[in-house]
Amino acid sequence: MKEHRVVLCVDDDPRIRELVRLILEPEGLRVVEADTGLAGIQRLRETTIHMALIDLQLPDVMGYALAAFIRNMTQYQTIPIVALTGAYSTELIPWMAAAGFDTLLQKPFSVQALRAIVRQYLDAKRPEPAPAVADPTVELMHLRRLSREIVHDLWRYVEELNRKTVLMGQQAKLIEEMIIYTIHSIIRILETNERYTAGHSQRVGAYAVMMGRRLGLTQEELRTLELGGTFHDLGKVGVDRCVIRKPHTLTDEEWAEIRRHPALSYELLIGIPFLREVAQIAGEHHERYDGKGYPHGKKGDEISISSHCVILADAFDAMTSHRSYRRALPLPHVVAEIERCAGTQFHPEVAEVWLQELYDRGETLLEETHRQFPIGDEPSS
Ligand SMILES: [Fe+2]
Ligand SMILES: [Fe+2]
């Protein structure tokens, strides 16, 4: 007579489940399969089972927890539960016993071994299952064991998750640093080719950060500001070299060529997700407070406060560095120029904090910054 007894096989390896099915079905048993602990619990709810084969290393819960869960169900207190494991050690035995396993079958197993173990345990005279209303003490013991297992599992997964999150964070940080390093290198190459702009980008970054500090920006905003200041002229990589190097007056076409660089800086940076705000600053560094700048003629608060810092820092460094047609301007001259342009070219509040910085320690500030990021050569005549 055909048997209707059911064996639940929970294993994430489909080859193992298929092997169990191929061996047990000719024996007249029905095999129901599950690839995770949760799927196993689902099968238990759908079907009455008579035996369970459980892999100890399931992707979602440990096999121990699943065995303990099954044992905690009144109707399954006495069914045979067999652990499947490829990594057997005698240390596992007390854990398996505590979780409610009857025995263990080591993987890979032979047809005979599986057939023998199923026959031995399924055909053995086993005590009747407990009555529907279980002894509360036994229930409590099962629940305690189950909660211990679940807490153990949870800790294991939390630890694993933390480890992976830390690892991913470290990798993302490394990639960000590599991108920043690469852009710095491009800027350095650009500037070493230019006699008069050596160190310009780094000085602009440094001045902008000093302004940002006086304005009370956060550490994160200061970091973005530093990168915005340092990368503002990146777009010059896409501008005709001959025009950039031309020492004398530029034609209208040549000016148009030069004026492409803020938009190019923006385009180059906007594609890098963690540099979006930096791209914004670089794209706005030739705008003006009064709306007479380029490329978009934005004005006032349409331009971010960080961009206003870089606009002023850029102009300040241009005035305090040598150019092919003039030497660096004296500080009092530069201060007078900033005072004159506050509220037109420069944001009045940014100009005010910077003027305060210059009144307080202008010469020292210039000396220190030029020592750290030396300016280019003086013009020969
Ligand atoms: Fe520029
Ligand atoms: Fe610049």
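The values are calculated or read from the model by the stated rules, or taken from the named source; none is laboratory data. Since the model is a prediction, treat every value here as computed from it, not as a measurement. Please note: Cβ atoms are built from the backbone with ideal geometry, for glycine as well, and neighbour counts cover all protein chains shown.
In table form, for the structure just shown:
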| read-out | value |
| --- | --- |
| Lone unmet requirement of (1) at pLDDT 90 or above; (2) surrounded by 15 or more Cβ atoms within 10 Å (Cβ to Cβ); (3) over 38 Å from the mean Cα position of the chain (by Cα) for Met73 | (1) |
| Test: residue in region 221-233 that is within 20 Å of Val204 (Cα to Cα), at pLDDT below 90 and part of a helix (DSSP H, G or I) | no |
| Residue match in region 212-222 (condition: crowded, with 19+ Cβ neighbours inside 10 Å, within 16 Å of ligand 2 (Cβ to nearest atom) and under 15 Å from Ile281 (Cβ atoms)) | no |
| Test: residue in region 179-188 that is within 15 Å of ligand 2 (Cβ to nearest atom), assigned by TED's automatic domain parsing to the domain that holds Val353 and within 25 Å of Pro295 (Cβ to Cβ) | no |
| Matching residues, region 272-302, being away from ligand 2 (no atom under 16 Å from the Cβ) and assigned to a loop (DSSP other than H, G, I, E, B) | Ile272, Tyr289, Asp290, Gly291, Lys292, His296, Gly297, Lys298, Lys299 |
| Index of the failed condition, Ile150 passing every other in (1) modelled with pLDDT under 85; (2) assigned by TED's automatic domain parsing to the domain that holds Val310 | (2) |
| Residue match in region 349-365 (condition: touching a strand residue (DSSP E or B) at 6+ places or on another chain (Cβ under 8 Å), buried (at least 17 other Cβ atoms within 10 Å of the Cβ), of a type in the set (Gly, Ala, Ser) and in the same structural domain as Gly300 (by TED's automatic domain parsing)) | yes |
| Lys2, sole failed condition from (1) modelled with pLDDT of 90 or more; (2) part of a loop (DSSP other than H, G, I, E, B) | (1) |
| Filter result (within 41 Å of the chain's Cα centre (by Cα) and surrounded by fewer than 14 Cβ atoms within 10 Å (Cβ to Cβ)) within region 95-120 | Gln106, Pro108 |
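Here's the yes/no breakdown for (1) away from ligand 1 (no atom under 16 Å from the Cβ); (2) exposed (fewer than 14 other Cβ atoms within 10 Å of the Cβ); (3) within 38 Å of the chain's Cα centre (by Cα):
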residue	(1), (2), (3)
Glu277	yes, no, yes
Asp301	yes, yes, yes
Asp317	no, no, yes
Glu337	yes, no, no
